[in-house]
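A.B. asks: Just dropping this structure here.
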Amino acid sequence: MDTFDYVIVGAGSAGSVLTNRLSEDPGTTVCVLEAGPRDWHPYIHLPAGFIKTFHMKSINWAYQQEPGPWTGGRSIYAPRGKTLGGSSSINGHIYNRGQRQDFDTWAQLGNRGWGYPDVLPYFKRLERRVGEGEDEYRGRDGNLTVTTMDWQDPLCEAFMAGAISLGIPKNPDYNGAIQEGVSYAQRTIQNGRRVSAATAFLHPARKRPNVHVHTHAHATNIIFEGKRAVGVRYVKGGKGGTPFEVRANKEVILAGGTYNSPQLLQLSGIGSPDLLASHGIEVRHALTGVGEGLQDHYAPRTVARVKNIKTINELRRGLSLWVEALKWATTRRGLLSLSPTMVYCFWHSGETTESSDLQLTFTPASYKEGVQGQLEDQPGMTVASWQQRPESRGYVRLRSADPFAPPIIQTNYLTAELDRRVIVAGMKLARRLLKSAPLAPYYAHEDFPGPGVQTDDEFLAAATQRGTTTFHPGCTCRMGPADAKWAVVDDQLRVHGLHGLRVIDASIMPRMISANLNASTMMIADKASDLIRGKSAPGS
Ligand SMILES: Cc1cc2nc3c(=O)[nH]c(=O)nc-3n(C[C@H](O)[C@H](O)[C@H](O)COP(=O)(O)OP(=O)(O)OC[C@H]3O[C@@H](n4cnc5c(N)ncnc54)[C@H](O)[C@@H]3O)c2cc1C
């Protein structure tokens, strides 16, 4: 059996950063098991390839959620990256950290060292910010390049002018002191190509002789000696493939993401005894919080038809597409170099709300059924709106003891009353933004939810009919003190009650943050690498 110091399951956002940091010491050996293939596919690296990788099963787990009580009986599609870089290789490129209060809340829940002043140095160490931002908040020499949208589009400009006309200020840096305001999006795109966690962190580390990355290696079980994790069983080549084992001298680290890390714990006998018994799995360690507490952002998309100007819907077809392809090939600019979301707007749902609880995004394009993945034929523009800090919680549970079976994913969107109120406020603001005076020359009419929708109940009905995930699931292996029934890992990200086993990915977030999750997931991994190595925080 091969033996390494650390065995990491998953080469996604967290796994890539961890691999890089842990292997800095040439005397430390690191093995990474990744279920998916190498990230060779050209659509991964072309920003507009997002729309293709969205459904590409060779590099995407392509999960389906269970219908929830407030999703109109719909089972919502849940893409997840399955390749080097994980979801950062198929995501929407947006770089958004969240607010000070998000992390201060994590600390208040009993997690020492996770308040905003503790995590800020890691956000800074990771990034190479190109563009506006104060040095107090932004890093300039990390591996992860963060740029600002560089496509000046009249519709985007009019949208931002409209927001300003409604009293929402322009914010030069929503990753700085204050999040509220409107601006072009910050993205992980450099020279017209995606900057994934793999390109920024994993590939540079792979050049080191102490790093071993196995692709097509699906972890099926954690190997234990008593209460100590000592290795991982995996199958090479998918279901029915060849089984292998790999041993960890120091630690096994799960970085399989919010859906897969709790699934692997449950498959290994760690979880709720009732759930494990129902699948005939012997209980290795009872830990009822495993898989529980799932949170995500739920977004209805308000769509208006557009006149007097071309939108991306038309520019991505026929001859225009060929022109754009040529532009990208020769200059790395143009439509194919863009993230699917172009303008960001953070605002509050009510006058008494302390900090922005709404995130709204604008795109001069529209999607069939409001789901990103297929552009509409007629000209359209879209405002997606979501509640930043939802209260609704769901779960991830085994569907069967077969490690290749997808887990049950129940997000329970909108089950909390507050979430329903804030989502309605968001849709109303989206309508006001689209109807603002600066957009009037281009605004034809509202297509969804449509002018017939006026009361709060009607808005809510529309939200349940067409809302989708914004792809930000977290919180299924929550970090918290040992006496919290919901907690799975401690504030060093060690699994409670076991040895040699940590979970380090988006699943450890105790509570949803006001952001897309890629930046904070990489921050978690970077900070965890220092915890593992016993190093103090940068600058301290
Ligand atoms: C379509 C989409 C759009 C998104 N847009 C944005 C955005 O614009 N901005 C943003 O900030 N965030 C965005 N996100 C979310 C963000 O990318 C994720 O939150 C983040 O990448 C999660 O990191 P992770 O390390 O927890 O998991 P992942 O990056 O998903 O990594 C998990 C890795 O583990 C592997 N794995 C899982 N199980 C096993 C197993 N049993 N054996 C071996 N390997 C395994 C997976 O294949 C994967 O490579 C988006 C996500 C998606 C899917």
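A.B. asks: Stretched out fully, how many nm does the piece from Q378 to W40 gain, at 0.36 nm a residue minus the Cα gap?
C.D. replies: Here the segment from Q378 to W40 would lengthen by 118.3 nm.
A.B. asks: With θ set to phi - 60°, apply the Karplus curve 6.51 cos²θ - 1.76 cosθ + 1.60 along the range 404-415 and write out the HN-Hα couplings as whole Hz, x wherever there is a Gly or Pro.
C.D. replies: For the range 404-415, the Karplus curve yields 8, 7, x, x, 7, 10, 10, 8, 6, 3, 6, 6 Hz.
A.B. asks: I've got another one for you. Around R316, what is the net charge, scoring Lys/Arg as +1 and Asp/Glu as -1 over all other residues with Cβ under 12 Å from its Cβ?
C.D. replies: -1
A.B. asks: Over 25 Å between Cα atoms, which of K207/K327; K52/K82; K207/K250; K52/K310; K310/K435; K227/K485 qualify?
C.D. replies: Violating the 25 Å limit, Cα to Cα: K207/K327.
A.B. asks: Moving on to the next point. Among G36, Y6, H55, whose Cα sits farthest toward the positive end of the charge dipole of the range 1-62 (+1 at Cβ of Lys/Arg, -1 at Cβ of Asp/Glu, about the Cα centre)?
C.D. replies: Working it through, the farthest residue towards the positive pole turns out to be H55.
A.B. asks: In addition: Give the residue from P449, A506, N412 lying farthest towards the positive end of the charge dipole for the range 386-510; charges sit on Cβ (+1 for Lys and Arg, -1 for Asp and Glu) and the dipole is referred to the Cα centre.
C.D. replies: Value computed over the given set: A506.
A.B. asks: Per residue of the range 134-141, what does 6.51 cos²θ - 1.76 cosθ + 1.60 with θ = phi - 60° give for ³J(HN,Hα)? Whole Hz please, x for Gly and Pro, Karplus curve as stated.
C.D. replies: In residue order, the calculated couplings are 7, 4, 4, 10, 10, x, 10, 9 Hz.
A.B. asks: Net charge near G176: determine it from the other residues with C-beta under 12 Å of the C-beta of G176, scoring Lys and Arg +1 and Asp and Glu -1. Intermediate results must be reported in sequence, preceding the final value.
C.D. replies: Numbers: positive: R97, R100, K124, R129, R138; negative: E132, E134, D135, E136, D173, E180.
Summing Lys/Arg as +1 and Asp/Glu as -1 gives -1.
A.B. asks: When the Kirkwood radius is taken over all Cα pairs of the range 94-236, what Stokes-Einstein diffusion coefficient follows at 10 °C and 1.306 mPa s, in µm²/s?
C.D. replies: 86 µm²/s
A.B. asks: Given that compact globular proteins tend to follow 2.2 N^0.38 Å, what is the ratio of the alpha-carbon Rg of the range 68-129 to that value? Walk me through the numbers on the way to the answer.
C.D. replies: Details: Rg = 16.5 Å, N = 62, 2.2 N^0.38 = 10.6 Å.
Computed over Cα atoms of the range 68-129, the ratio equals 1.56.
A.B. asks: Let me ask something additional. What's the center-to-center distance, using Cα atoms, between the range 510-540 and the range 373-423 in Å?
C.D. replies: Going from one Cα centre to the other spans 25 Å.
A.B. asks: Which residues in the range 301-340 place their backbone N less than 17 Å from a point set 7 Å from the Cα of A444 along the Cα-to-Cβ direction?
C.D. replies: 302-317
A.B. asks: What is the angle, in °, between the Cα long axis of helix 116-126 and the longest principal axis of the Cα atoms in the chain? Nearest 10 is fine, range 0 to 90.
C.D. replies: Around 90 degrees separate the two axes.
A.B. asks: Tell me, what HN-Hα J-couplings in whole Hz come from the Karplus equation 6.51 cos²θ - 1.76 cosθ + 1.60 at θ = phi - 60° for each residue of the range 343-357, using x for Gly and Pro?
C.D. replies: 10, 10, 9, 10, 8, 10, 7, x, 5, 8, 5, 5, 9, 3, 10
A.B. asks: Which distance in Å, rounded to a whole number, links the C-alpha centroids of the range 133-179 and the range 434-506?
C.D. replies: 22 Å
A.B. asks: Checking a compactness column here: for the range 292-336, what do you get for Rg(Cα) / (2.2 N^0.38 Å), N being the number of residues? Write down the numbers at each step before the final one.
C.D. replies: Numbers: Rg = 16.8 Å, N = 45, 2.2 N^0.38 = 9.3 Å.
Its radius of gyration relative to the 2.2 N^0.38 Å reference: 1.80.
A.B. asks: Counting Lys and Arg as +1 and Asp and Glu as -1, each charge on the Cβ, what is the dipole of the range 4-140 about the Cα centre in debye, to the nearest 20?
C.D. replies: The calculation lands at about 420 debye.
A.B. asks: Hey, another quick one. Which value, in debye to the nearest 20, gives the size of the charge dipole of the range 14-84 about its Cα centre, when Lys and Arg are +1 and Asp and Glu are -1 at the Cβ?
C.D. replies: About 340 debye.
A.B. asks: If amide hydrogens are placed 1.01 Å from N in the peptide plane, which non-local residues have theirs closer than 5 Å to the one on D357?
C.D. replies: Residues meeting the criterion, in which the H sits 1.01 Å from N, are W347, H348, S349.
A.B. asks: Right, another one. Report the full-extension gain for the segment A437 to E66: residue separation times 0.36 nm, less the Cα-Cα distance, to one decimal in nm.
C.D. replies: This chain segment gains 129.5 nm when fully extended.
A.B. asks: Related question: Among L319, L335, G271, which residue has its Cα furthest toward the positive end of the charge dipole of the range 234-363, with +1 on Lys/Arg Cβ and -1 on Asp/Glu Cβ?
C.D. replies: Of the options given, the answer is L319.
A.B. asks: With angles folded into 0 to 90 degrees, how steeply does helix 13-22 sit against the dominant principal axis of the chain? Use alpha carbons for both and round to 10.
C.D. replies: Between helix and principal axis, roughly 50 degrees.
A.B. asks: If Lys and Arg each add +1 and Asp and Glu each add -1, what is the summed charge of the other residues whose beta carbon sits under 12 Å from the beta carbon of V424?
C.D. replies: -1
A.B. asks: Still on this model: Based on the alpha-carbon gyration tensor of the range 461-538, what equivalent-ellipsoid semi-axes (square roots of 5 times the eigenvalues) come out, in whole Å, largest first?
C.D. replies: That gives 28, 16, 9 Å for the three semi-axes.
A.B. asks: Evaluate the range 349-478: find the radius of gyration of its Cα atoms, find its Kirkwood radius, and give the ratio Rg to Rh.
C.D. replies: Value, to two decimals: 1.02.
A.B. asks: Two decimals is fine: what's Rg over Rh for the range 341-423, C-alpha atoms, Kirkwood radius as Rh? Don't skip to the end; give the middle numbers.
C.D. replies: On the way: Rg = 17.0 Å, Rh = 15.5 Å.
Ratio of gyration radius to Kirkwood radius for the range 341-423: 1.09.
A.B. asks: Taking the Cα of K250, stepping 7 Å toward and past its beta carbon, and measuring to each backbone N in the range 487-523: which are under 18 Å?
C.D. replies: Inside the label zone: 492-495, 499-505.
A.B. asks: Now for a separate question. Which order do peptides 460-472, 187-199, 498-510 fall in by mean Cβ count within 10 Å, highest first?
C.D. replies: Numbers: 460-472: 21.5, 187-199: 23.9, 498-510: 26.5.
The packing order, highest mean first, is 498-510, 187-199, 460-472.
A.B. asks: Taking H placed 1.01 Å from N in the peptide plane, check which residues at least 5 places from G131 or on another chain put their amide H under 5 Å from its amide H.
C.D. replies: Amide H neighbours of G131: none.
A.B. asks: Rule-of-thumb check for the range 122-206: C-alpha Rg over 2.2 N^0.38 Å?
C.D. replies: On the way: Rg = 14.7 Å, N = 85, 2.2 N^0.38 = 11.9 Å.
After normalising by residue count via 2.2 N^0.38 Å, the value is 1.24.
A.B. asks: Moving to a separate point now. Please tell me the relative contact order of the range 301-398 in percent, rounded to the nearest whole number, where contacts are Cα pairs under 8 Å and at least six residues apart.
C.D. replies: 34 percent
A.B. asks: Same structure, new question: Once both axes come from the Cα atoms, what is the angle between helix 518-533 and the longest principal axis of the chain, in degrees from 0 to 90, rounded to 10?
C.D. replies: On a 0 to 90 degree scale, this one is about 20.
A.B. asks: I'd like the Kirkwood hydrodynamic radius of the range 27-160, using the inverse of the mean 1/r over distinct C-alpha pairs, in Å.
C.D. replies: 18.4 Å
A.B. asks: For the ranges 52-59, 28-35, what's the packing order if you count other beta-carbon atoms within 10 Å of each residue, average per peptide, and put the highest first?
C.D. replies: 28-35, 52-59
A.B. asks: Assuming a viscosity of 1.002 mPa s and a temperature of 20 °C, what translational diffusion coefficient in µm² per second does Stokes-Einstein assign to the range 39-101, Rh being the Kirkwood radius over Cα pairs?
C.D. replies: Roughly 164 µm²/s, to the nearest whole number.
A.B. asks: Sticking to Cα atoms, compute the Rg of the range 191-294 to one decimal and its Dmax as the biggest Cα-Cα distance, whole number, in Å.
C.D. replies: Rg, Dmax (Cα atoms, Å): 16.2, 52.
A.B. asks: Given Cβ point charges of +1 (Lys, Arg) and -1 (Asp, Glu) and nothing else, what value in debye, to the nearest 20, does the dipole of the chain about its Cα centre take?
C.D. replies: 1280 debye
A.B. asks: In 5 Å bins starting at 0, how do the alpha-carbon pair distances of the range 262-418 split up by percent?
C.D. replies: With 5 Å bins starting at 0, P(r) equals 2, 8, 12, 12, 11, 11, 10, 11, 11, 7, 4, 2, 0.
A.B. asks: With no solvent and one equal point scatterer placed on each C-alpha of the chain, evaluate the Debye formula and give log10 I(q)/I(0) for q = 0.06, 0.11, 0.13 Å⁻¹, two decimals.
C.D. replies: So the normalised log intensities are -0.27, -0.93, -1.31.
Every number in this text was worked out from the coordinates using simple rules, so none of it is lab data. Since we're looking at a predicted model, the values are computed, not measured. All Cβ positions, even for glycine, are placed from backbone atoms using ideal geometry, and neighbour counts span all protein chains on display.
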